Structure formats: structure tokens, C-alpha cells
1. Hey, does the stretch B:278-300 have a residue that's assigned to a loop (DSSP other than H, G, I, E, B) and either under 15 Å from B:Arg237 (Cβ atoms) or of a type in the set (Phe, Trp, Tyr) (or both)?
2. State whether one or more residues within the stretch B:293-304 are over 29 Å from B:Gln437 (Cα atoms) and either within 11 Å of the chain's Cα centre (by Cα) or surrounded by fewer than 21 Cβ atoms within 10 Å (Cβ to Cβ) (or both).
3. Every residue in the stretch B:383-393 that is out of contact with any Asp or Glu (no Cβ under 8 Å at 6 or more places or on another chain) and at the interface with chain A (Cβ under 8 Å from one of its Cβ atoms), please.
4. I'm told A:Ala129 meets every condition in (1) surrounded by fewer than 24 Cβ atoms within 10 Å (Cβ to Cβ); (2) at the interface with another protein chain (Cβ under 7 Å from one of its Cβ atoms); (3) assigned to a helix (DSSP H, G or I) except one. Can you identify the failing condition by its number?
5. Going through the stretch A:288-316 one residue at a time, which ones are in contact with a Pro (Cβ under 9 Å, 6 or more places away or on another chain), among the aliphatic types (A, V, I, L, M) and assigned to a loop (DSSP other than H, G, I, E, B)?
6. Out of A:Arg244, A:Arg236, report the one residue that is surrounded by fewer than 24 Cβ atoms within 10 Å (Cβ to Cβ), at pLDDT 95 or above and not assigned by TED's automatic domain parsing to the domain that holds A:His427.
7. Test A:Arg453 against the criterion of being closer than 22 Å to A:Ala348 by Cβ, among the basic types (Lys, Arg) and either within 14 Å of chain B (Cβ to nearest Cβ) or out of contact with any Pro (no Cβ under 7 Å at 6 or more places or on another chain) (or both), and give yes or no.
8. Can you tell me which residues in the stretch A:150-205 are in a helix (DSSP H, G or I), more than 8 Å from chain B (Cβ to nearest Cβ) and either crowded, with 24+ Cβ neighbours inside 10 Å or among the hydroxyl-bearing types (Ser, Thr, Tyr) (or both)?
Amino acid sequence: MSQVIEVRKGTYHDSVTLMQLSQELNARPDVTTVVVAMATELNLSMLDDMGFDRPAEATPNDLVIALDVADDAAAKAALDALGELMQRQPARTSGLGDQELPSPPTVATAARRAQSSLALVSTPGRVAALDAADALASGLDVMIFSDNVPVSHEIALKDMAATMGRLVMGPDCGTAVVDGIGLGFANVVRPGPVGVVAASGTGAQQLLALLDGADVGVTHCLGVGGRDLSSDVRGRSTLAALDRLAADDTVTTIVVVSKPPAPEVADVVSRHAASLGKPVILGFLAAGRPDLTATAAEVVDAVGARWEDPRRWGAGRSPTTPTDPAASRYLRGLFAGGTLCDEAMLIAAESLGTLSSNIPLAGHRHLDADLASNGHTFIDFGDDQLTVGRPHPMIDPSPRLERLERELADSECAVVLLDVVLGYAAHADPATDLAAVIAASDTPVVVSLIGTRDDPQGLEPTAARLVEAGAVVHASNAAAAREAVSLVSGGPA
Amino acid sequence: MTAPTSTSAVVTAGAALFAEELTRQGVATVDVDWRPPVSGTEDALATVMLDPRRVTANQEALARMVLARAQLTDVRPAAEVLDLQPGQFLHAGPPIEWERASGPLRGALIGATVFEGLADDPEAAERLLARGSLSWEPCHSRGAVGPMAGVVSPSMWMLELYDDVHDRYSWCSLNEGLGKVLRYGAYSAEVIDRLRWMTDVLGPALQAATRARGPIDVLAIIAQMIQMGDEGHNRNRAGTLMLLKEWLPDLIAADLRRADLAEVVRFVSGNDHFFLNVAMPACKLITRAASGIPGSTVVTTMARNGTDFGIQVSGTGEEWYVGPAQLADGLYLGGFGPDDANPDIGDSAIAETAGIGGFAMATAPAIVRFVGGTVPDALRTTARMYDLCVGENPSWAIPVLEFRGTPTGIDVTSVLRTGQLPQINTGMAGRVAGTGQVGAGLVTPPMECFTAAGHGLAAAVPSPHLPGVVRT
């Protein structure tokens, strides 16, 4: 038996709280008696009666803890337990009931209201860092959907995340899947052995869709933002995301999808990937490197599943005969997904020569500000500059629909290449309006349809509607691009 | 396809679509009622919020506020404790010159000048003050606080409080009661006579009792008064009684004339706000403990001089950020009305800065009636203040909120991001010098203070370091 008495100066607690604490501690098997009380004369004389030595210099404003326990270890255990009980946060009540509680005005206050480990921020880019910083400071990972976030904000957020062991997905992160939960423009995936790190939203979606087509599941797809592998940001989130996936036992194979990193960053990422003890496939999309479909095939092989060529729906149309056979005829690519646009341009550039785009490949033409078509033309309607103050084209398809009508009416247009992206947050029925426009023309239209079996829009019905309108539909964006290129008559511009 | 299940909610800020899509997956969300930050502060806020020092600096500020102590250790004349020389005064709020001084501040300075015998009558006092022969500076500049006009002159007796954790003192004058009193800008003969009696009798009596009694733990009294329906700013009944209870045995045992003893006890027990002047320096010790932490965005002072409202924030120390003081919304005494009221005045908003007063409104529903409010309004006010603060003070538990601690540590960035202002409970002084109190009610600081503080904090952030070295 050992008696311990401890005085904590100036620690006020009301007597009911202290009686509750005493009662909880007395329920411990290694404890004979515990009294936790303010050192009032009444309480001190009660301790006298219980045989404790009266502490010197205790005042009614001091807390006294008296323990009668088996041994020192039990005393320490009881004091530790008391510390925990005193730290225990009281219920976060407003006194009003949850119904009347004002909505949380910040991410930090929202994080206090519920058990949470993740925030999704889609506030305006100039200030999105405020909300993201709030999330990190509250111990949450954060996905930043917002674009037009200054790169200095991105770097500061990612450094803050590193010190707190949190992950920043984004900014300009369109797609993520965390523990099977789809965030932003995410496809419905089935659980499985693959973990994805994606610096590109639609690139990730293409991969998720093709893996789903091969019946390979994905547990996490961690977006990192399109600038993460730049020489400014230096892969801060990519490295953190790789570590996350390496630590997750459900993930056996990791794949990174991105445009090619800055060379010095590519080195760092490659070396880090090699150190993880799990296979990491680096799907850096560039001229002379595997396209997204080839990367998907590599992943499918790596997990030991069977790869077949992705689906192709419909017969399509033959190229129309130009009224002036001497006139040049061009490919027009109208994209909602930046990476899908990039991939199509890489493929088209192999045989069509110079291309024009608002996001041109190196050595190709930049479109004028009015985006007027100029030879073989590719427009990314999801580019930052086209989404300032307006929704992403996957939510609001109208600008692209208008452009499609114009291209189909343009005698210089030999074939239109489009992407249609399904999944959460994408337009509920992207096919109907497109089909109407496509059906009204004879110009060949090739569609890359990015979706999984379980996507809410329905993969098969969407494909069927587009085919019915006369389009040919591919599950592989690369295959779609190749078919469109093959349909172009006329030489390089 | 089965929906993924998770016990963890996702916090969403921004497009409602993404929250809806999570709900569709069976994932709980907590959706932020997001508003753009106060216009013009966006870039300053980014600089401040991305400052890598901020999070730990604010945690440190909160820890210091929760750890600070406040014991009433002595009662002594201002000349002695604050080194206040004849012709020098202290006042509430940020610094201000005579030309811009409000009626109640002028009235209190006039009264104090007469009280100190520097002028024979109010007119002569006013001439001296206007001519610049006398000087005044904020109470806060010497670590003191003063309610309403907050004027302190060398002969006034001060309550002296000590924080033994941070080894620091704070002071406040003795509360004169309600109605025609110096702190509300009144300076008639009855005001001056009362001040004389406080100096001659009250101060020495309380000194004797305090010294005999030994240090009184003021924070423990505040903890208890919060459980007894006082919020420590506009309602101090329980606090006053508990303080008197601490003093009484030693007052009675002190060598006082029986009539003086009776008058001292009658004066303290008859003034429900006597404890305000004890709570205020206790709050000052709490907030001052959090002052001067680089990178911290916690407000450490809110104070008004009747013309300007000024705040100080931890990260920039003693720097004042000012804006125009507002008119309170409340109830008026006797025949007074809104036209008679002076804009907000006093250092007493130190109570809210430390987490009580308007922030503890939930515990004192009796005073929401000052603005025709309801009990749910009181609860809602405290609920909103949690949203502006970095944390809670577990020592000050509000019973009706399941003993949740009071909201503590106003974060400048939260105010600027939400556009919501701290709620202050306050008395109202008459606009015209010499009038006295005209009412009591609720008031908020002007947003300008927080806007200026945001820019001040941003300017104090060191230039961002060059992009760091990538891990290998």
C-alpha cells in the first residue's frame, strides 16, 4: 500500500467535475481510494480522517489529489489516467441543439464539429490557400480543386503539410479517390491493389477507367496538382503521396501519371520511387513515351491481370468528300480534359506536323486569344484561362457544344475528336446534347469516352447514344486520337 | 456497387456540387458556410496564414492565456505603483489628442484635473487640458486598464494584480459605482467628493484587508462567477459578492473606524460592478501573457477612447490598429436616448479579449434583455464567438454548454475571413462631457481595426524563403 498526495496550485475545477473524476478513478482495479478535490478546509479534514498527511501550503484554490494505491506503478497509472480525464474535451454543445447551430464559417470551425481527416476546397484560387491552410492546421489532408492558385501559395501549403505530416492534393486537383471515396471529378472505382499518384485529373480518370475495364481495382488515387512536378514545386506532394501509398498495405502497385516532370524533379521522383519497396510505374506522358493506355496495360500486367485492347463502339462515318478537293482538311480536337488533349496532340503530331492549341506542345503554334481554328487545332476548354469565373466544361458543356457546331459546319474540318468524361460531379447527361449536334452533321466525329462501369451516367447508355448519332466511341483516348488522325485527308498544314 | 463507408466526415468549402456528390456516395460532409474574406485583405491574409510560424505561435498564445494567473496582491496609489507624476494621467483606449477626444474622456480628464487640485474649477481644468500643459497616455501603455474613460490620476488607488506564472503585474482603479461617475465623464462636486472618499477611506481600508488576507485568486472567482450567471463585463454580481466575502473578515479585523467600515462594506456590496475593475486587470494579465509572439494572429487588446477603437495583436506587440468607435445597441437610463450616447469607450473590452463578457453571453442570459434579445440569442452569440477564437479556456466552464470552456483568443484571420466581429457587452456614456452613464448594451469593433491588423501582421511576416530542398 502506498499513499500519494499531490497539490496542483491554482487549478480550479468545480466540485461536480472533481467528484466525477474521483469516481471514475476509484473504479480502477489497482486503486483503493482516490480523492481529487479542491483543497478546502472541509476536503482537507476529510483527507485527515482518511489517514492522509495533510499537505503543506494548500489553499482552497489549489487542487489536491490523494491516492491510496497498491504501489508506485499504480499511482503513476492513476495519475496518468487523471491527466487524460482532465484533458477530455467536454461535449461541443451550443446549448441550442444541432439544428439551430450556425453553419461553420471556416474550415477550422467545421473540422471542430465532426471527426474528419479530409477537406475538399473549391473556393476562388486567390484565397483557396486560406481554407487549405485552415484544414492543415486542423490536422486534415486537403484536396484543392481550385485553379488559379498562386504558386507561392502552393509551395507554402505543401511545406506546411510536410511539417504536419499531412497531404495537399492540388491545387487544380480535379480528381482524387481516397479510401474509395471519390472527390471532385472522380470515377466510381472498385477496391483493389493499385494506388495512383496523379498530377493530372483527366489523365488519372483515363487510367481509372481503363483499369476498371480490365477489372483491376484502385484503392487510392491521390492527386497532386498539375504544377507539383515543376521545378518550382519540386514534387513536394508527389513524394508525400508516394509515401502514403507505400505505407498502405492494401496497395501493391503504384502508378504515377503526369506530364514529364522538370528533369531534376524527375530524378528525385525516380530515386524516391525506387526506394519504396513496391513496384512504381512512372507514367510520364511525353513524345516517345508510352501513352496512358500503354501505361494502363503495364499496370494491369504488373498486378497479374489480363489486358485486352480497350472497347470501341460503333462503325463511325467515312470522311466526307470535300467540295474543293484541293482544299486542306484538318483535325479539330475539342477537349474538356487537359491531359487528354495533350495525349491526343502527342499522337497527332507524329503524323500531322504542326498543331495549333491554347495549350500547345513545345514547338507548335499557340492559338490567338480568340481561339479561332488554325490548321489542325486542339482546344482545352478546361484550361485555367478559360475557367476564370465560369464552371469547368465537364460541368457546363455549353461553350464546347457551340464550338462543336461551328467546327462541324466548317468546310476545313475533316474530323472532330472529342472527350466525354463520366463520373461524380461531371454533367449528369453529357451525351444527349452532344448527340443532337453530332447527328445534325455528316462530318466524322471520334469520341474518347472516359468512364467506369459504375459511373452514375452509365457507360454503355452514353456510348450507345453517341454511336446512334453517328460517332465512333473509344474507351482509350489514344486509340480515339489515332482513329481521328487516320480520318484526316489532306497533308500537314 | 456498394457505397464506400467511412466514419469520418469530409469538410467541404466551395462548390456545393462536390458536397452533394459525397452525400450521394454515403459520405458525411460538414459544409462550410463560405464567404469571401473582407475585400482588400485577401493577399495579406494569404501571407499571414501561410506564415509557417502561425499555427504554433497561436497554440503558444492560447497556452499562455490558459496558463496565466491573476492574484489580487495589493491596493496602492497610482503615483506609487505606476510612477504617475502630478499632471500625468492615464486613459482608456488607444492614444488620442485633446482635439479629437470624446465628451466623456474630456469630462473625466477635467474631473481628474480638479480632483488632483491642478485647477480650481472645471473651466480652468479644461483650459489647462486644451493648452497642452498636462499629459495623458493609454492605461495599456503601462500594463493597466481602465473602464469607460479609464482616467487614472496619481492620487487614485489601484488594485494590483500579479501573474506569478509570467511574473507580471496589472492594475485598475477602484470602481466608483453607476450613474454620475468620473469614468462616464461626469465631474460634478459629488463625483469629486466620492473620489476623495475613495482615496482617503476606501483605498486604505482595502489595502489593509488585502495585505492581511494575502493574495486572492481572481481567476478562481471568475471561474465561479461564470457558473453563477455573471459574464464578467456587464454583470458582476456574484463576483462582487465573492470578492467582498474574501475581504470581510480582514476588513472587520482591520483598525478602521466603525462608520468607515460600514461605509466601505456598503459601498462595495452596493455596487454590482465593483468586481469589474478586478476582472479587467485579470483579463489584461491573461491577454498580455499572449502578447509579442512572432507570427501569432491572436488579439491581445481591444480598447476604446470614445473616438477610436484600437486593437493590438500578439504578432505585432504594442502596435495599435484603430478604427472609428461604434454606438452601442441597448437600453437607455431615465430620459436618455440614442442621441445622448457617446460612441463606445473603455478598456473593459479586455474582458472579451480574454474570453468572457460578450463571449460568455451564454452563461448570463439575464443581460441579453439589454438589447431585447432572447436566451437562444445569448447561446448563439457564444457559439459564434467560438468560431472566431483559436481555442477555449477550460478553467472557465459554462454550465449550460455542458461545461465547455469560454471561447478564448480572437484570431484576426478568422474575423477577416468570416466578416463576423467580436461581440462586446458595454456600458454607454453620455456624449456631452459631465453627463455620466446613459445606458448599457452590445457593440462590436469596427472592421477597420482588423483590416489594419491583417495588413500589419502581413508586413511583419519575413520574406518567404526560397523554395526548399526536396527530400531525397
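The values are calculated or read from the model by the stated rules, or taken from the named source; none is laboratory data. In this text the structure is predicted, and so the values were computed from the model without any measurement. Cβ sites come from the backbone with ideal geometry, for glycine too, and all protein chains shown count toward neighbours.
1. Taking every residue of the stretch B:278-300 in turn, none turns out to be assigned to a loop (DSSP other than H, G, I, E, B) and either under 15 Å from B:Arg237 (Cβ atoms) or of a type in the set (Phe, Trp, Tyr) (or both).
2. Looking for residues that are over 29 Å from B:Gln437 (Cα atoms) and either within 11 Å of the chain's Cα centre (by Cα) or surrounded by fewer than 21 Cβ atoms within 10 Å (Cβ to Cβ) (or both), one finds at least one in the stretch B:293-304, hence yes.
3. B:Ala383, B:Arg384, B:Asp387
4. Checking A:Ala129 against (1) surrounded by fewer than 24 Cβ atoms within 10 Å (Cβ to Cβ); (2) at the interface with another protein chain (Cβ under 7 Å from one of its Cβ atoms); (3) assigned to a helix (DSSP H, G or I), the one that fails is (1).
5. Across the stretch A:288-316, the qualifying residue is only A:Val303.
6. Details: A:Arg236 fails: surrounded by fewer than 24 Cβ atoms within 10 Å (Cβ to Cβ).
One residue alone meets the criteria, A:Arg244.
7. no
8. A:Glu154, A:Lys158, A:Gly201, A:Thr202, A:Gly203, A:Ala204, A:Gln205
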